[in-house]
Structures are given as structure tokens and as C-alpha cells.
1. From 163, 178, grab the single residue that is within 19 Å of residue 43 (Cβ to Cβ), under 25 Å from the mean Cα position of the chain (by Cα), surrounded by fewer than 17 Cβ atoms within 10 Å (Cβ to Cβ) and in the same structural domain as residue 94 (by TED's automatic domain parsing).
2. Of the conditions (1) in a loop (DSSP other than H, G, I, E, B); (2) over 24 Å from the mean Cα position of the chain (by Cα), residue 74 clears all except one; give me its number.
3. If a residue has to be surrounded by fewer than 14 Cβ atoms within 10 Å (Cβ to Cβ) and farther than 20 Å from residue 221 by Cα to count, how many in region 1-28 make the cut?
4. In region 299-321, how many are without any contact (Cβ under 8 Å) to a residue 24 or more places away in the chain and within 30 Å of residue 254 (Cβ to Cβ)?
5. Looking only at region 120-131, how many residues end up being over 28 Å from residue 48 (Cβ atoms), in a helix (DSSP H, G or I) and in contact with a helix residue (DSSP H, G or I) (Cβ under 8 Å, 6 or more places away or on another chain)?
6. So residue 229 clears everything in (1) closer than 27 Å to residue 394 by Cβ; (2) at pLDDT 95 or above; (3) surrounded by 22 or more Cβ atoms within 10 Å (Cβ to Cβ) except one condition, right? Which one?
7. Could you say which residue among 66, 54, 113 is surrounded by fewer than 14 Cβ atoms within 10 Å (Cβ to Cβ) and closer than 30 Å to residue 10 by Cβ?
8. Would you mention how many residues in region 29-51 are surrounded by fewer than 16 Cβ atoms within 10 Å (Cβ to Cβ) and closer than 18 Å to residue 193 by Cα?
């Protein structure tokens, strides 16, 4: 049995940089957990704190339910695989794999048997006598894996082990690593910036940004129902279309989502309409993935958006069209700077004001948003930004490989209303019974 728990773990470096900010995360026995995020988000620091190579500034790291803050790396029964392989260049493959066993005092006979078993499982049994300089990148990565596996640890820690390899080899080794760790039943924490690795390998994914844990769930959960706007934009290729929408409620009929020059209508019998209706007179973010959009005839029934193709991308098996539908895009990269905190009372008063305006027959000129500055956690993504922060939305739509249209052509797309995602002004998901 090997479990990992992080309880309110924070890491602040000497220069004041907050690398990890109050993370709480549980990794179950035998689970393959992937820490996903861009460079500098703190995921490798989390891994190093679990390994004992860094001490948390506050909080506790628990291994098998016991606080491990004061345990040395050797006492934690972990094996770590690094991005740069960290092989001994003067040793053979056999000696590199067997080095941990030699340090542990395992006799030569049993040591050789375990080395051969591990090398055979990894497909490098025929290169045991070579030096690392005589191996390919994929073979060196397998040697590093073998050195970790041969110890029979309770916990694997892998820090971007495939990032130095070409794409074809990465795909091959993804399957090998995932299958091998599950076959061994070893708890694994795997760090990567590559969403393809995360979504194909993980039992669960923990997504980080600027030291803060954004979302945790199975690949299906974090992709299909992202907890925050950042997660929604980070996962998926092409990126999710994120549009600014003004909300207007027509009681017992529908909720209108005004997207600039056009609108979508959420039926009142849709369970999500009650949650979105709370934002009457305000602006929210509406997300739609490319797979939720289908090209149709201009007069097709249902929820349809009209646009003009800005440009096309041909990808062999498909083409991507980017439409100008007269809406405003949300620039997710600007989320994260401090803003004034908006209390629930303030939010309630603001919404009540919009309701009173509506009952009095006035729609209100412009929805209020949180002001920049202050001591909150995140910026309102809908605050009136500078000109360089705003741009027309390019709605990504999947088309056939040779669609017969080009830049400048008009295109109508039907929107699957049940596949829309809604986020508030601070980037949090608007939902009913969220996950």
C-alpha cells in the first residue's frame, strides 16, 4: 500500500516566490496521478516535496497516512525518474539498472536476475553491456525507468520523462509507462505540460496554474466539465471557443445569451437555465468546443450562428475554419492577477438592482464588474480591458478535409446547446450539481 496526501502545502522560496500555494491533494493506492500545467506552475516543486528534495514552507506531506516532512528521500521508499535521465555515463546499462541494488547490498546473483527481468520487461535486454552514449533517447529513458523499477518502490515520481523525445517515441513510451505501472500496481505521480500525455495516461489529472490547484478529476471529468475557465481553455485542441455573453432572462420561456450581434437561447426547461438566470443583466463567459458546432444550411432550425470565415487550417484528416460571428473573445491568459473581492452580499445587491431595473422596464446600460486592484484572488475576466486585451472571436469549427470553402465565405453552424459551458466573471464554472 502506498498513498500520498498533501495537506495545505505551500512552498515559498527565499526570494519570496510562491511556487505552490495551499495545495490539498490525495493520491490513492495504485493510482496514476498526473500533475498537468504550463512551465513554472509549481508541478515539479510539488513532486520534489513529495520526494523529500524540497521542504514545504507550511503544510504536511503524508505517505501512507503518516507525516513525512522530516523523512529523508531514502526513507520514503520512492523512486524518481528525471527529465534528463541522470544515467552514469561510465557504467553499462546493467550497472546503471542495478546500481540501487548494489547500494542496498543485494548479492550479485539475485541482483543480476532482477536486472535481467526488468530489462526484458522494458525491451532493453539486448543492450545490457552498452554504455548510455551508445543508446538512443528511447533506450536511455527505458534504462532510467529500469533503475527506478528494480528497487520495487512503493511510489514512482516521474518529472516530464518524455519531454526530450520525438513525438513518435513519446506516443510509444506513453503506452509502455502507463501499462507497466498499472501491471506493477505502483502508485505513480507523473508531471507533464503535455495535455495529450495527461489525458491518455492518467487515472486522474490535477491541473495547476501559478502554484494553485485549478481542478482534479478523471480525464473525462476535467475535459467535459472543467471547474474553471483556465482549465476549459487549457485542455483541448483546438482550444475551446470562449465568448463574452450578456444574459437576459425571459421568465418561463428562455434565457437569452447575447453574443454581440447574435444570440443563443437556453430553454427554460434546461436545468442550467436557473443557474445562468442569476446573472440577468450581467456578462458571463460561454464556452463551446469545436465538436459542439456543426455546419448547416443558413435556414436550418435550432440554435444557429452565422459567420464569415477568417481563415482555414488544413490538418490532413480535417480542416479547421475560424469564423467571425461578431462576438468578443475572452483572453484567458490575463486571468490571475489580484482584484477587489466581491462579497456574496455585494453580489446579491447588484443582482437585485438588475432585477429591479427589469421590473421597472429598464434593462440597464452596462453590467457591473469587479474593479481591478485589491486583495482578491482573480481578475474579473469581463472587466473592460485595454484595446490590446480585446479581440473579435474566431470561432473554431471542424470541417471535412477538403471543405470546398475558403476565407471570406459565409458559414452557418448549429450549436449543441447541451454542450455549452458557462463561467462567471471570475472564471468559476456556473453549474447545477457540478460534478
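1. Of 163, 178, the one residue that is within 19 Å of residue 43 (Cβ to Cβ), under 25 Å from the mean Cα position of the chain (by Cα), surrounded by fewer than 17 Cβ atoms within 10 Å (Cβ to Cβ) and in the same structural domain as residue 94 (by TED's automatic domain parsing) is 163.
2. (1)
3. 7
4. Looking only at that region, the number is 2.
5. Kept after step one, since they are over 28 Å from residue 48 (Cβ atoms), are these residues of region 120-131: 120, 123, 125-131.
Now drop any that are not in a helix (DSSP H, G or I), which leaves 120, 125-127.
If we keep only those that are in contact with a helix residue (DSSP H, G or I) (Cβ under 8 Å, 6 or more places away or on another chain) as well, we get 125, 127.
Going through region 120-131 one residue at a time, the tally reaches 2.
6. (2) is the only condition that residue 229 fails.
7. Working: 54 fails: surrounded by fewer than 14 Cβ atoms within 10 Å (Cβ to Cβ); 113 fails: closer than 30 Å to residue 10 by Cβ.
Only one candidate qualifies: 66.
8. First, pick out the residues of region 29-51 that are surrounded by fewer than 16 Cβ atoms within 10 Å (Cβ to Cβ): 29, 38-40.
Now restrict to residues that are closer than 18 Å to residue 193 by Cα: 38-40.
Within region 29-51, residues that are surrounded by fewer than 16 Cβ atoms within 10 Å (Cβ to Cβ) and closer than 18 Å to residue 193 by Cα number 3.
The values are calculated or read from the model by the stated rules, or taken from the named source; none is laboratory data. What you see is a predicted model; the values in this text were computed from it and never measured. Ideal geometry is used to build each Cβ from the backbone, glycine not excepted, and the neighbour counts take in all protein chains shown.
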